1. If you scan region 37-46, which residues turn out to be over 14 Å from residue 99 (Cβ atoms) and either at pLDDT 95 or above or open to solvent by 30 Å² or more (accessible area, probe 1.4 Å) (or both)?
2. Could you figure out which of (1) hydroxyl-bearing (Ser, Thr, Tyr); (2) in contact with a Phe, Trp or Tyr (Cβ under 8 Å, 6 or more places away or on another chain); (3) modelled with pLDDT under 95 isn't true of residue 171?
3. If I ask for residues that are closer than 15 Å to residue 212 by Cα and surrounded by 16 or more Cβ atoms within 10 Å (Cβ to Cβ), which ones from region 89-115 would you list?
4. Give region 130-142 a look and list any residue that's in a strand (DSSP E or B) and exposed (fewer than 12 other Cβ atoms within 10 Å of the Cβ), or say none.
5. Just wondering, is there one or more residues in region 106-116 that are modelled with pLDDT of 95 or more and more than 28 Å from residue 70 (Cβ to Cβ)?
6. Would you mention how many residues in region 1-27 are under 23 Å from residue 90 (Cβ atoms), open to solvent by 30 Å² or more (accessible area, probe 1.4 Å) and at pLDDT below 95?
7. Considering only residues that are in a loop (DSSP other than H, G, I, E, B) and touching a strand residue (DSSP E or B) at 6+ places or on another chain (Cβ under 8 Å), which ones fall in region 113-129?
8. Which of the following residues is open to solvent by less than 80 Å² (accessible area, probe 1.4 Å) and charged (D, E, K, R): 178, 153, 145?
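The values are calculated or read from the model by the stated rules, or taken from the named source; none is laboratory data. Remember, it's a predicted structure, so these values are computed and weren't measured experimentally. Counting neighbours? That spans all protein chains shown, and the Cβs are built from the backbone with ideal geometry, glycine included. Remember, those area values only see protein heavy atoms, side chains included, never the ligands or the DNA or RNA. Shrake-Rupley method; radii C 1.70, N 1.55, O 1.52, S 1.80 Å.
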Amino acid sequence: MIDLATWNLSVPVGSPPATIDTPTLVKGFKNQYFHADSGTLFFWSPVTGSKTENAIYPRTELRETYANGTLRNWTYPEADNLLQATLAVNQVPSSGKIVIGQIHAYNSTRPLVKLEYQYKASQGRGNIVAKVRMRPDDTRSRVIDIAENVPMDRRFSYLIHLSPGGVLAISAAGYRWDTRVGAAWRDKPLYFKAGVYVQDNSGYTSEGGKVTFSKLDIDHNKS
């Protein structure tokens with residue numbers, strides 16, 4: 001069973017989109033966009049869903065919190081910071097792109113990391129791509145191919161690890177990449193996100209992103 005006591009959930013319905021708080025999630029919240037009935041986490045976000053403020057795409061996505069539901073933000077020198085997941089991508093929108101994990105920056109529209117599954121219909125499989133901002137004020141992300149030829153409906157794992165020294169390591173589907181992020185990130189409040197954030201906003205209501213997580217875990221290990 002995946003522990004939901006460190007997350008809240010945004011679902012793409014309502015204006016603004018609804019946020020399900022941590023205690024409600026832990027009690028077994030479910031709807032058409034999210035459920036944890038079988039011990040796995042099911043996420044669905046249609047391209048026609050409502051969007052959070054400043055976003056152009058809809059999402060059904062978890063956001064890191066404390067157990068009492070208050071938002072958790074951290075700076076990377078405080079601990080070894082890890083987001084680990086095992087999942088299968090079950091559906092993608094016509095763009096082929098969904099975000100499955102993030103290190104976001106508090107009160108910013110520019111995340112440090114977006115981990116994206118990019119499906120290529122011509123090949124019948126997809127790539128795992130990291131989009132990384134080396135500095136908080138970067139308007140464009142560095143784009144890194146982490147893994148290739150990952151089929152839909154097949155489980156794979158990823159790890160996003162940001163060390164107290166600012167080394168960012170991303171592993172996915174058996175491949176690994178790392179770098180050192182810019183020192184300007186040191187004092188920026190950060191938080192993890194995971195789920196399905198579709199990179200598309202047009203199409204039928206049946207079009208969107210669907211993902212099933214069988215493992216999801218956050219760790220902040222202080223030395």
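1. Across region 37-46, the qualifying residues are 37, 38, 40, 41, 42, 44, 46.
2. (3)
3. Across region 89-115, the qualifying residues are 89, 91, 92, 98, 99, 100, 101.
4. The one that is in a strand (DSSP E or B) and exposed (fewer than 12 other Cβ atoms within 10 Å of the Cβ): 142.
5. Yes, there is a match, as at least one residue in region 106-116 is modelled with pLDDT of 95 or more and more than 28 Å from residue 70 (Cβ to Cβ).
6. 2
7. 123
8. Only one candidate qualifies: 178.
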